[in-house]
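Trainee: Have a look at this one.
The values are calculated or read from the model by the stated rules, or taken from the named source; none is laboratory data. What you see is a predicted model, and the numbers here were worked out from it, not measured in a lab. Methodologically, a virtual Cβ is constructed for each residue, glycine included, from the backbone with ideal geometry; neighbour enumeration extends over all protein chains shown. We work out accessible area using only protein heavy atoms, side chains counted, and drop any ligands, DNA or RNA first. Shrake-Rupley method; radii C 1.70, N 1.55, O 1.52, S 1.80 Å.
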There are 2 protein chains.
Amino acid sequence: MKYFEDIGVGERTAVGRHTFTADEIKAFATRFDPQPFHVDERAAERSHFGRLAASGWHSAVAWMRLMVAERRRQTEAARRLNEPVAAIGPALGLRDLKWLKPVYVGDTITYESEVIETRVSKSRPNLGLLTVRSTGVNQHGELVISFISTTFVERRPVNK
Amino acid sequence: MKYFEDIGVGERTAVGRHTFTADEIKAFATRFDPQPFHVDERAAERSHFGRLAASGWHSAVAWMRLMVAERRRQTEAARRLNEPVAAIGPALGLRDLKWLKPVYVGDTITYESEVIETRVSKSRPNLGLLTVRSTGVNQHGELVISFISTTFVERRPVNK
């Protein structure tokens, strides 16, 4: 992760892409969101979805997993160049999470995140707060998920 | 699920409670949010959390799982009484999801949901929209998570 000072509004991250298989949709939903249209093809056909669709929570956490992997790649790249690596703190929360279209079996969702606001934390002045809008788009170019999250990021130490 | 017309603002649901074990925290995070402080006790001790803490996504989906189970209990109770059961549709999204305190190993979170707004869908007039504020409180009475979600619920058919 870059230091807070090195991150600007408008900066975009290609977070990654994920294809949702039937087995994975059902495994996630069985564990966390066992509504019939997420765990059973027949029930899904009779539902408003029309066919098996992923839990909205699933399409959200798929972003998280890809984002952690992307940050890890960035950290490893910085270490190879002997560049400093800023710590990333806890997320404070999310706002405006919208599930705009279903994610169906076999859909590939491409996630992107864009910095929309940066500000220094009032309560913890050694940290910055990064507000990011994240989106997921399916293989037809349709926006399926969108949300805004805010996370602490370490500020550049004065002597670096 | 009750019909939209039978649900009023201020109505509360005791969604249930969940105790977060170390194994479960690590299993969830390994799969979906593999940040060091969610998957490794030593790394967690060195982090801002101070000890192993659940992914915020984990404390959110734990609510979902309990909510689905609670709705199922309500549906079964209604069926035993030969009462009609309203369909519940997809969630449109969430707003103002706040992770207010960490959820540590062994914490028991008690979830509650309260209806804060009801309105008829403009685009699908046979459905109502239910907006609910959900909270999770730990065994010390501290609010750890809060969010607002909006979900479609079937309206009472005219002849019922």
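Trainee: Any idea how many residues of the range A:139-150 are part of a strand (DSSP E or B) and more than 12 Å from the chain's Cα centre (by Cα)?
Mentor: So the count comes out to 2.
Trainee: Please enumerate the residues belonging to the range B:14-37 that are assigned to a strand (DSSP E or B) and out of contact with any Lys or Arg (no Cβ under 9 Å at 6 or more places or on another chain).
Mentor: Hits for the range B:14-37 are B:A14, B:V15, B:R17, B:T19.
Trainee: Residues of the range B:73-112 being away from chain A (no Cβ under 13 Å) and in a loop (DSSP other than H, G, I, E, B), which ones?
Mentor: Hits for the range B:73-112 are B:L81, B:N82, B:E83, B:P84, B:A86, B:V105, B:G106, B:D107.
Trainee: Please determine, by comparing only the residues of the range B:68-103 that are without any contact (Cβ under 8 Å) to a residue 60 or more places away in the chain and touching a Phe, Trp or Tyr at 6+ places or on another chain (Cβ under 8 Å), which one is nearest to A:H48 (Cα to Cα).
Mentor: B:G93
Trainee: Exactly one condition in (1) away from chain A (no Cβ under 13 Å); (2) within 17 Å of A:D33 (Cβ to Cβ) is not met by B:F147; state its number.
Mentor: Of the numbered conditions (1) away from chain A (no Cβ under 13 Å); (2) within 17 Å of A:D33 (Cβ to Cβ), the odd one out for B:F147 is (1).
Trainee: Another question, if that's okay. State all residues of the range A:41-57 that are more than 12 Å from A:V105 (Cα to Cα), assigned to a helix (DSSP H, G or I) and not basic (K, R); if no residue qualifies, say none.
Mentor: A:A43, A:E45, A:G56, A:W57
Trainee: Just checking, how many residues over the range A:117-138 are under 17 Å from the mean Cα position of the chain (by Cα) and open to solvent by 50 Å² or more (accessible area, probe 1.4 Å)?
Mentor: 2
Trainee: Counting just the residues of the range B:30-72 that are more than 27 Å from B:P90 (Cβ to Cβ), more than 9 Å from every other protein chain (Cβ to nearest Cβ) and touching a Ser or Thr at 6+ places or on another chain (Cβ under 8 Å), which one comes out surrounded by the most Cβ atoms within 10 Å (Cβ to Cβ)?
Mentor: Step by step, filter the range B:30-72, then rank; the result is B:H38.
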